[in-house]
């Protein structure tokens, strides 16, 4: 077992975990590396990695949703303008779909059931 660490050492370990998580490294790998690097138990390694995950989540909890939505829509409008200028119909359709999804526009087909919808014009009981 590793000896107790100081607050600055604990912060450095969590910062390391945060950097590694943001780089896309798997949590399991980080736990193992923390165990090997600092002589920790698995539970201690998991606590360090969990603290990194919580730091990431707390960042997103503080996001101003209307401001973020406005930035996303603005970026999509710019992408749409560029796609139109370049004559890229697939990009235009994709951008419009993304905007519709963000804004909650479009038809809601959630009430349709595919289980009772006849296929190819034939009844299920024919």
Might you let me know whether segment 86-105 holds any residue that is out of contact with any helix residue (DSSP H, G or I) (no Cβ under 9 Å at 6 or more places or on another chain), over 26 Å from residue 65 (Cβ atoms), modelled with pLDDT of 55 or more and in a loop (DSSP other than H, G, I, E, B)? yes
Just checking, which of 82, 102, 21 is over 30 Å from residue 10 (Cα atoms), within 19 Å of the chain's Cα centre (by Cα) and surrounded by 11 or more Cβ atoms within 10 Å (Cβ to Cβ)? 102
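The values are calculated or read from the model by the stated rules, or taken from the named source; none is laboratory data. These numbers come from a predicted model, not from an experiment. Positions of Cβ are backbone-derived with ideal geometry, glycine not excepted, and every protein chain shown enters the neighbour counts.
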